[in-house]
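Chemist: Below is the structure I would like to discuss, written out as structure tokens.
Please treat every number below as a calculation from the coordinates, not as lab data. Everything quoted here is computed from the prediction, not taken from an experiment. Counting neighbours? That spans all protein chains shown, and the Cβs are built from the backbone with ideal geometry, glycine included.
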Amino acid sequence: MIKTIDHILVAVEDLDKAVENYSTIFGFAPTWLGEHPTLGTKNALFPLENMYLELIAKNENDEGPLAETVKEHLKNYGESIFGLALETEDIEKAKIELSTRLKINLEISDGKGLNIISKKERCWKNIFIPKKVSRGIFTLLIEHTKGALIEDEKSDESFITRMDHVVINSNDPDGLVELYRDKYGIRLALDQFVEQWGGRMLFFRTNQTTIEAIGIKKDGPPKDLLWGLAWTTKDIKKTHKRLLSAGVNITDIKDGRKPNTLVATIKSHCLNVPTLLIEHL
């Protein structure tokens with residue numbers, strides 16, 4: 001039903017400034033700048049090998065259903081990861097299966113965007129998952145029906161190429177497993193208790209990337225929060241050098257927790273999103 005993570009959304013106050021910051025981190029500019037006129041938002045898209053990053057902001061008129069949701073997120077959390085878009089190849093089938101599993105009546109809506117750079121159009125179909133079901137995370141299923149993003153060639157080995165994983169914090173790991181494995185149908189590849197955290201590390205694998213969850217059981221209503229992102233580079237030393245030259249605050253390179261990896265933490269330009277840089281050796 002769910003193929004992979006289609007894209008991650010980051011809510012921003014100033015789209016132009018956010019584009020400048022992430023262009024510095026990634027090493028290339030977005031290939032899509034557009035608007036959602038009926039939703040009241042505007043966006044910039046950075047295509048990678050396995051997904052794309054969407055920076056999203058409300059339009060100047062501040063009107064539209066998605067604009068209100070972005071505005072509320074910025075008020076409560078500031079600039080940060082806003083949403084998770086999961087790709088499906090058959091949204092009609094996904095609607096039937098997921099409506100049954102979640103015991104709610106889901107609806108399909110049409111989406112359309114115009115790239116102000118290339119003037120090309122993209123179309124898609126969405127299913128928005130109610131937040132009471134998605135446990136607080138803005139979540140949607142998407143099937144692309146027309147057009148495609150123009151990909152940057154990423155010829156420089158210092159450029160970011162892929163998303164390695166996205167991190168979710170949860171106060172109810174059992175409920176998280178029930179939603180992502182049993183309802184969404186995403187494979188649970190790792191479920192391990194980590195003594196130093198006093199909680200569980202969960203890895204949900206799609207065919208392109210990983211959802212990593214840190215689950216520490218706490219009292220209160222179940223709640224999940226998109227927290228951090230990890231980006232892959234082919235040559236972390238070259239990326240590290242490029243970022244330092246651009247004035248980015250980044251830690252020294254060290255061995256990663258996973259064998260045969262090198263990592264560094266980006267401390268600036270990432271709009272309050274905890275950000276890890278990783279090279280797989």
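Chemist: Could you give the distance between the Cα centres of segment 106-177 and segment 200-217, to the whole Å?
Modeler: Segment 106-177 and segment 200-217 have Cα centres separated by 17 Å.
Chemist: How large is the convex hull of the C-alpha atoms of the chain per residue, in Å³?
Modeler: 130 Å³
Chemist: Using DSSP, restrict attention to beta bridges with both residues in the chain and report what percent are antiparallel, rounded to the nearest 5.
Modeler: Taking every DSSP beta bridge with both residues in the chain, the antiparallel ones total about 75 percent.
Chemist: Mind checking the dipole of segment 1-111: about its Cα centre, +1 per Lys or Arg Cβ, -1 per Asp or Glu Cβ, Debye to the nearest 20?
Modeler: The calculation lands at about 380 debye.
Chemist: Can you pull out the GluC sites (Glu not before Pro) in segment 57-149 whose DSSP state is coil and whose Cβ has at most 10 other Cβ atoms within 10 Å?
Modeler: Loop-located and lightly packed - Glu60, Glu107.
Chemist: Say the cut-off is 21 Å between C-alpha atoms; which of Lys131/Lys218; Lys103/Lys218; Lys71/Lys217; Lys17/Lys267; Lys58/Lys146 go over it?
Modeler: In this structure, Lys103/Lys218; Lys71/Lys217; Lys58/Lys146 exceed 21 Å between Cα atoms.
Chemist: Near Glu79, within a Cβ-to-Cβ distance under 11 Å, what is the net charge of the other residues, with Lys and Arg +1 and Asp and Glu -1?
Modeler: Its environment carries a net charge of -1.
Chemist: Just how large is the dipole of the chain about the Cα centre, in debye to the nearest 20, putting +1 at every Lys and Arg Cβ and -1 at every Asp and Glu Cβ?
Modeler: Taking the Cα centre of the chain as origin, the dipole is about 460 debye.
Chemist: Give the residue from Cys123, Pro65, Gly256 lying farthest towards the positive end of the charge dipole for the chain; charges sit on Cβ (+1 for Lys and Arg, -1 for Asp and Glu) and the dipole is referred to the Cα centre.
Modeler: Comparing the listed Cα positions along the dipole, Gly256 ranks first.
Chemist: Taking the Cα centre of segment 213-281 as origin and charging only Cβ (+1 Lys, Arg; -1 Asp, Glu), how large is the dipole, in debye to the nearest 20?
Modeler: It works out to roughly 100 debye.
Chemist: In percent, what relative contact order does segment 208-281 have, based on Cα pairs under 8 Å that are 6 or more apart in sequence?
Modeler: Computed over segment 208-281, the figure is 32 percent.
Chemist: Now for a separate question. Considering Cα pairs under 8 angstrom that are at least six residues apart, work out the relative contact order of the chain and quote it in whole percent. If you can, show how the numbers build up before the last one.
Modeler: Values: 666 pairs, mean separation 51.0, N = 281.
Value for the chain: 18 percent.
Chemist: Over segment 103-160, what is the mean sequence separation of C-alpha contacts under 8 Å (at least six apart), divided by residue count, expressed as relative contact order in percent?
Modeler: The value is 27 percent.
Chemist: Need one word for segment 128-262: rounded, prolate or oblate. Basis is the Cα gyration tensor (sqrt eigenvalues a ≥ b ≥ c); a/c below 1.5 gives rounded, then a/b vs b/c decides.
Modeler: oblate
Chemist: Quick check on segment 4-146: of the DSSP beta bridges with both residues there, what percent are antiparallel, nearest 5%?
Modeler: Numbers: 33 of 43 bridges.
Beta bridges within segment 4-146, antiparallel portion: roughly 75 percent.
Chemist: Under 1.5 on a/c is rounded, so check that first for segment 45-184, then, if it is not, pick prolate when a/b is larger than b/c and oblate when it is not; a ≥ b ≥ c are the square roots of the alpha carbon gyration tensor eigenvalues.
Modeler: Verdict is rounded for segment 45-184.
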